[in-house]
Amino acid sequence: MTRLDARLSLEDIRQSYQCPSRAMDEWLPRAEDSGWSQVLGWLMEQGGDVLGALSSDLQHQLREHGATFDPQHQQNRTLDLIPWLFDLEEWETVEAGLAQRRRLLSAVLRDLYGPQKLLQDGILPPELIYSNASFLLPCHGLLPDDMDWLVMLGCDMGRDAQGRMTVYGDCSQAPGGLGYVLENRVAINQVVPELTQRFDKRHLANFFKDLQRALVPQIPYASEPLIGLMTRNYRDGQYFEHAFLANYLDLALVHGADLMFREGRIWLKTLSGLQPVDALLRYMPDYLSDPLELDSDIAGSPGLLQTIRQGNLLCCNPPGSALVDGGALLPYMETLCRHLLDESLILPSVEAYWCGDPEQRQIVLDELIDMVIHDLEKPGKLITYANASRREREGLADRIAEEPQRFVARRILPLSTLPVWQKREVQARNVALRSFVLRHAEGDKILPGGLARCHEQSLQLQLGLGTKFMAKDVWLQSPDDSPISLLHNTMTSVRLSRKTGLLPSRVADHLFWLGRYSERLNLACRAMRASLPLVSTLSRNEQVPTLTPLVEFACTINGGVFMPTEFMEELTHQLTGLFLYERKDGLLAVLQALIMNAQSVREYFSEDTWYVLERLQSALNQFPARGSTSRMDRALDEIILLQSAIYGLNNETMSRTQTLRFMDIGQHIERAQQTTALLHKVFVKYPRPPAALMEAVLRMADTLMTYRRRYRTELHPVAIIDLLLLDEGTPRSVGYQCARLKRQVNLLPERDSTLTGLNAEQRLMVELVSTLQLVDLEALISESGEPSPQLDELLTRINNLLSKLSEAITLAYFNHADIPRPIDDV
């Protein structure tokens, strides 16, 4: 083990670097090369302490980019400090092999979803295709004969027993990992610039520029084409990768619910009407893509296949292409290449066997321990003897014998090894590589490098991206003057624009509820913070009547139930119980709803916002619900401070467009409704509130200093109601919220140019503002401090009007249910 307080020596590195006997090593045979020797020299210059800190910084960079911010999914990726220096001469062979493989598989799909000569001529067994769940009959004839099925293809590679780079898997329907490659390069450049600047290496930006161009259909446009990246939803484990990639490529991140089929094409539902979609980069399983013709899951877009058939949408890649992903073609790759291209495979394909052939089946049964089994009736399901239970092992051979046509087996590759920084020393890990090839008019383009994945067990790397792995940045040493960013300088004339892009209705819905849940969480925490000091400062006689309205407010803010009690211990228990994980109406449930809405619009927020959101999540999860009141008070201070930071960041970094407007409207509707509910509990449900309660309410609303400047030390219900209900100059008053909402509602997109007068939400705002402005304040509270029936009626009416406003906005802009939406001229 290397000492942390000393620099590394060559002896330290070689002692800890133990390679498996079966595997070829990528580093040792080339350790004297200039590239690897520079990496080695850099490692020895740093020492264990510095390398450990840099490694932690790398993982922090991944979290900051949002790649790991997802409570629904455990992070399955870390990033290593040491790059993979790939041999440039060998890479030329890899490039040629990947380009050939894309052309070959595209030709196979063109035939199988067309004339099917490969089946007629006996090159492929019909049972292999027709019993395959990935072969989609509705996709037959989907594309014209002269069109490529594969715009982009991902290929998984590793070393075979002879040390050759061998392809063991293909990825077409959702080529995952492309966003990870970007994130890895950005993180490495930011954390270890002194290492990256020592090397001339190929940049990634040209490949992504070519991808942008490949997604533009070759037809004339009156304006810029609308191109989307189609993803499932935030529950997809790779959702953040999709958001990161869409943001980098300047694509609209769309879900199936954002799209509709009309007049022979797909349209994007936006606040300004329906907009025609010209191309889609599809990151969605084939069978979910079109619920009308394929699986009825609501994740897809009805009419997608028909739009492609009519030539009104370029899809990368079209549904049906996943046939190449399931392994069915692996046993026949060499034969197919000779038959269709009259060539031998440049990159070897892994040894594979279809169990429907008796000879191939016997090989599989004899060597099961060395195989990965693909179940063709369950796409994506991989079976390995090594990972199977005893019962599964006993039944595996029987299942293959009973239904041999549904299984394909491929041989497990030994892979090669690379050095990684792990557990305070340099260790050897198995490595596999996923790279990408893109169809291009000037010849296929290959991503320079790819996603390198490392693991202690070579088998785990051959089971897909779902297993945990350590990623590496891949460097191709070569002088490269290509751009490192898709943004570039230009001295030509430019048409100035303040256009901020289309806002899908789903996005506006998520932003609206993000504002509401954020404010709900903030108000609940403020109520708790106002309550806790009273536990220790009030006499026992005063505690329950003073705290009950605040505790009830906090418990019911998210639809929970408050249990009235005369015992202080039970009251405190209900309050602190809001932080329990099992409470579906608790604060962690509010946080989960807040995070869900934020995740669904990941691309609209800055990296700083996501960093603060991560800290907010951590602070809430670590809340000392069983600690002292002083500890809880400090924790609440931090939570409220972090929320204020998020408000500030959004207001400082988001443009004043409909994006920020819908979040602002949601926040202020929630604040107005909850403040109304608080006033009702304090002054109507529990009349004649004690002075300590009224002071706590003012503290909660950050208005105590304002009140004291106006009224000194006298606490009177009428003055507090005026300040928190009617005063439009107080930022937390209902009157201020309504005045602000009126301005924001008037700036919402026009829904119907033929409509005369005010729309539904504008009429509601006029009624709300007028109701507050016409209040007779003196009639609300009697001289003895008792609330009048008018106060109850007023607060109830305001709450109802705010609920109607929320419903009106939902119907008009999110559900499109109130009036037909216009279709803009194209």
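Computed quantities for the displayed model
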read-out: Any hit, the stretch 435-442, residues being of a type in the set (D, E, K, R), more than 26 Å from the chain's Cα centre (by Cα) and not in a strand (DSSP E or B); value: yes
read-out: Checking E127 against (1) surrounded by fewer than 19 Cβ atoms within 10 Å (Cβ to Cβ); (2) part of a loop (DSSP other than H, G, I, E, B); (3) not aliphatic (A, V, I, L, M), the condition it does not meet; value: (2)
read-out: Residue under evaluation I669, criteria (1) within 23 Å of the chain's Cα centre (by Cα); (2) of a type outside the set (S, T, Y); (3) not assigned by TED's automatic domain parsing to the domain that holds A524, criterion not met; value: (1)
read-out: Cross-chain or 6+ apart pairs with Cβ under 9 Å, the stretch 755-773 first and farther than 13 Å from A739 by Cβ, then in a loop (DSSP other than H, G, I, E, B) and among the acidic types (D, E); value: N759/E750; N759/D752; N759/D818; A760/D818
read-out: The lone exception for H440 - which of (1) touching an Asp or Glu at 6+ places or on another chain (Cβ under 7 Å); (2) at pLDDT 90 or above it fails; value: (2)
read-out: Counted residues, the stretch 168-187 - those being among the β-branched types (V, I, T) and surrounded by 23 or more Cβ atoms within 10 Å (Cβ to Cβ); value: 1
read-out: Entirely in the stretch 194-298, the strands (runs of 3 or more DSSP E) that have 2 or more residues that are touching a Leu at 6+ places or on another chain (Cβ under 9 Å), in contact (Cβ under 8 Å) with a residue 12 or more places away in the chain and closer than 16 Å to V601 by Cα; value: 227-230, 252-254, 265-270
read-out: Verdict on L649 being closer than 17 Å to V590 by Cα and either in contact (Cβ under 8 Å) with a residue 40 or more places away in the chain or part of a helix (DSSP H, G or I) (or both); value: no
read-out: Residues satisfying the stated conditions in the stretch 537-561, i.e. closer than 14 Å to M694 by Cα, at pLDDT 85 or above and surrounded by fewer than 18 Cβ atoms within 10 Å (Cβ to Cβ); value: P545
read-out: Index of the failed condition, R185 passing every other in (1) assigned by TED's automatic domain parsing to the domain that holds A471; (2) modelled with pLDDT under 90; value: (2)
read-out: Among the residues listed as R390, R411, the single one being modelled with pLDDT under 90 and either of a type in the set (K, R) or assigned by TED's automatic domain parsing to the domain that holds P125 (or both); value: R390
read-out: Set R506, R529, R516: member being basic (K, R), buried (at least 24 other Cβ atoms within 10 Å of the Cβ) and closer than 30 Å to W610 by Cβ; value: R516
read-out: Which listed residue is within 21 Å of L503 (Cα to Cα) and either of a type outside the set (A, V, I, L, M, F, W, C) or at pLDDT 95 or above (or both), from E786, E778, E807; value: E807
read-out: Checking L594 against (1) within 26 Å of A554 (Cα to Cα); (2) surrounded by fewer than 16 Cβ atoms within 10 Å (Cβ to Cβ), the condition it does not meet; value: (2)
read-out: Residue that is farthest from P687 (Cα to Cα) [pool: residues in the stretch 538-590 that are β-branched (V, I, T), touching a residue at least 24 places away in the same chain (Cβ under 8 Å) and out of contact with any Asp or Glu (no Cβ under 9 Å at 6 or more places or on another chain)]; value: V590
read-out: Q173 being of a type in the set (S, T, N, Q), in a loop (DSSP other than H, G, I, E, B) and touching a residue at least 24 places away in the same chain (Cβ under 8 Å); value: yes
read-out: Lone qualifier among E783, E767, E761 - being in the same structural domain as A691 (by TED's automatic domain parsing) and not in a helix (DSSP H, G or I); value: E783
read-out: From the options E542, E552, E519, residue that is charged (D, E, K, R) and more than 18 Å from T676 (Cβ to Cβ); value: E542
read-out: Helices (runs of 4 or more DSSP H) wholly inside the stretch 673-749 containing at least 2 residues that are surrounded by 18 or more Cβ atoms within 10 Å (Cβ to Cβ) and within 35 Å of the chain's Cα centre (by Cα); value: 734-746
read-out: Qualifying positions in the stretch 562-578 - within 35 Å of the chain's Cα centre (by Cα) and either surrounded by 17 or more Cβ atoms within 10 Å (Cβ to Cβ) or over 15 Å from A524 (Cβ atoms) (or both); value: Q574, L575, T576, L578
read-out: Subset of the stretch 86-101 [touching a Cys at 6+ places or on another chain (Cβ under 7 Å) and aliphatic (A, V, I, L, M)]; value: L98
read-out: Residues located in the stretch 593-645, provided they are assigned to a helix (DSSP H, G or I) and among the polar types (S, T, N, Q); value: N597, Q599, T609, Q617, S618, N621, T629, S630, Q643, S644
read-out: Residue list for the stretch 317-364, restricted to those being farther than 30 Å from L305 by Cα and in a loop (DSSP other than H, G, I, E, B); value: D342, E343, S344, L345, I346, L347, P348, V350, E351, C355, G356, D357
read-out: Counted residues, the stretch 275-310 - those being farther than 26 Å from D170 by Cβ and either more than 25 Å from the chain's Cα centre (by Cα) or in the same structural domain as D170 (by TED's automatic domain parsing) (or both); value: 4
read-out: Any hit, the stretch 570-579, residues being outside any helix (DSSP H, G or I), out of contact with any strand residue (DSSP E or B) (no Cβ under 9 Å at 6 or more places or on another chain) and of a type outside the set (A, V, I, L, M, F, W, C); value: no
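So that you can scan it fast, the table gives a plain yes or no per residue for (1) surrounded by 14 or more Cβ atoms within 10 Å (Cβ to Cβ); (2) modelled with pLDDT under 85; (3) more than 30 Å from S606 (Cα to Cα); (4) touching a strand residue (DSSP E or B) at 6+ places or on another chain (Cβ under 8 Å):
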{"residue": "Q18", "(1), (2), (3), (4)": "no, yes, yes, yes"}
{"residue": "S21", "(1), (2), (3), (4)": "no, yes, yes, no"}
{"residue": "W27", "(1), (2), (3), (4)": "yes, no, yes, yes"}
{"residue": "S37", "(1), (2), (3), (4)": "no, no, yes, no"}
{"residue": "L43", "(1), (2), (3), (4)": "yes, no, yes, yes"}
{"residue": "S56", "(1), (2), (3), (4)": "no, no, no, no"}
{"residue": "L62", "(1), (2), (3), (4)": "yes, yes, no, yes"}
{"residue": "A67", "(1), (2), (3), (4)": "yes, yes, no, yes"}
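Yes/no per residue for (1) touching a helix residue (DSSP H, G or I) at 6+ places or on another chain (Cβ under 7 Å); (2) of a type in the set (S, T, Y); (3) closer than 23 Å to A508 by Cβ; (4) modelled with pLDDT of 85 or more:
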residue: D236; (1), (2), (3), (4): no, no, yes, no
residue: E241; (1), (2), (3), (4): yes, no, no, no
residue: G256; (1), (2), (3), (4): no, no, yes, yes
residue: R262; (1), (2), (3), (4): no, no, yes, yes
residue: R309; (1), (2), (3), (4): no, no, no, yes
residue: N312; (1), (2), (3), (4): no, no, no, yes
residue: C315; (1), (2), (3), (4): yes, no, no, yes
residue: P318; (1), (2), (3), (4): yes, no, no, yes
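The values are calculated or read from the model by the stated rules, or taken from the named source; none is laboratory data. Small disclaimer: the values here were computed from a predicted structure and weren't measured. Note: ideal-geometry Cβ built from the backbone for every residue, glycine included; neighbour counts use all protein chains shown.
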